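First the structure, in the form of structure tokens, and then the observations on it.
The values are calculated or read from the model by the stated rules, or taken from the named source; none is laboratory data. Please read these numbers as outputs of a predicted model, since none were measured by experiment. Cβ: placed from backbone, ideal geometry, glycine included. Neighbour counts: every protein chain shown.
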Amino acid sequence: MFGQANVLAAGQAGFPPSVDDFYLPSILPWGAENSYWFTKITAMVWIAVGVLIIFFLASYRNPQLVPTKKQWFAESIYGFVRNNIAVDMIGHAGVRFAPYFTTLFCFVLLTNAFAIIPLFQISPNSHIAFPAILAIISYVLFNYIGIKKHGFVKYFKNSLIPPAPWYILPLLIPIELFSTFIVRPFSLAVRLFANMFAGHMLLLVFTLGGFAMLSANAWLAPVSVLSWVMTIALTFLEFLVICLQAYVFTVLTASYVQGALAEEH
Amino acid sequence: MYFLAAEGGESAHNPIIPLWQEIVVGSVAFAVLCFVLMKFVFPRMEQTFQARVDAIEGGIKRAEAAQAEANQLLEQYRAQLAEARTDAAKIRDDARADAEGIRQDILAKAREESDRVIQAGKDALAAERATIVRELRAEVGTIAVDLASKIVGESLADEARRKGTVDRFLSGLESTGAR
């Protein structure tokens, strides 16, 4: 589509890659520089949403007790998040959060996966807006759950006052406040964003670096090849990061919900 | 990149500041996704899981019930078989006893019959003998008297009959013959 593909086609290499490489021109209106309503990034988000909805609705249109292959696959995804994340982290009460966690996990996984899917090759999560939305939802979710379960005062007491001697509390309470209510959404969002951003940047560096060296000096061609081989290797690494970050985001959200539901600190 | 290169200079973007347009788009898109999946897909999966658990547990229960019924039937058949065997043995014993009784009856009847036949034969023989003896007696008497008359030359018949000489003689003969 844009960016890398165009660079490859044109044989031109803007090297080194910059932050601007993440901000692609608008699709509608075509080519506009600072219009963000309909870009490749937002298009990919819609595609991810559409693919997930179609996949799940199609494979679960007519559920059978003895599942078909497609139904089994859809169930495995849900079963994985339900049993290995929701129930493992929260216990039996976690089952009611499993639908949200599964939606979250699938969305993050697929949008992350765009980073290495040919022609997409950039993850929407390398724009902090999307991780930020998900992190805010997680933040609101765990606080809401905690307040609903314990009541406002008891929830904040549980969260802010650890079982420690009174003289150390003046130190601990600000730390708890800071780590639980301020840092959490940022760390969630930035972790996912930075991983996808850095992954894309790495792939850009090695891909474009290959072209840069090739165009600088024909004798550097072997090094260019090495650079592209590194791109392939890094794509595998990126695959690992994609899966891991989707898992980590979901597990941390589950962990926060678990902490909010817990009786004691 | 070539079109971005045209822009040139310092980066116009700060990657840590979210674009508000993307926040709107992402929120709406993710909300749609959540709505559809959490309303129409995952609850149904939960239902299916539950139905599957029920089906498996129900299947196990049904199998257990069937097993129990089969065991009960087996016990029943075994009991019936044992009973039938006992009955058969009893019937065989009865039959054997009956056969023995019948044999005894037949034997007894046969013995009785043979005894009766022998007795009848003996009686008939005795009667015949008695008849023959009686006839002989009369005949021998007559012959003897006739012989004696011829020898003596006079008729002794009346006298001899009167005096019972012949009978006495024959009785003597009989008693010696019987000895």
Per the filter on region A:84-100, residues exposed (fewer than 14 other Cβ atoms within 10 Å of the Cβ) and within 11 Å of another protein chain (Cβ to nearest Cβ) are A:ARG96
Of the residues in region A:110-125 that are more than 16 Å from A:PHE22 (Cβ to Cβ) and either within 13 Å of chain B (Cβ to nearest Cβ) or without any contact (Cβ under 8 Å) to a residue 40 or more places away in the chain (or both), the one that is surrounded by the most Cβ atoms within 10 Å (Cβ to Cβ) is A:LEU110
Every listed condition ((1) of a type in the set (Gly, Ala, Ser); (2) away from every other protein chain (no Cβ under 14 Å); (3) closer than 30 Å to B:HIS13 by Cα) holds for A:SER159 save (3)
Within region A:1-41, residues at pLDDT below 80, assigned to a helix (DSSP H, G or I) and facing chain B (nearest Cβ under 7 Å) come out as A:VAL7, A:ALA10
Counting only helices (runs of 4 or more DSSP H) wholly inside region A:166-265, the ones holding at least 3 residues that are among the polar types (S, T, N, Q) and in contact with a Phe, Trp or Tyr (Cβ under 7 Å, 6 or more places away or on another chain) are A:221-261
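Working carefully through the options A:PHE107, A:PHE56, find the one that is touching a Phe, Trp or Tyr at 6+ places or on another chain (Cβ under 7 Å) and at the interface with chain B (Cβ under 8 Å from one of its Cβ atoms). So that I can check it myself, show each step before the final result.
Working: A:PHE56 fails: touching a Phe, Trp or Tyr at 6+ places or on another chain (Cβ under 7 Å).
Matching residue, one of A:PHE107, A:PHE56: A:PHE107.
For (1) more than 17 Å from the chain's Cα centre (by Cα); (2) among the aromatic types (Phe, Trp, Tyr), each residue gets a yes or a no:
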site	(1), (2)
A:HIS200	no, no
A:PHE211	yes, yes
A:ALA216	yes, no
A:LEU220	yes, no
A:TRP228	yes, yes
A:ILE232	yes, no
A:PHE239	no, yes
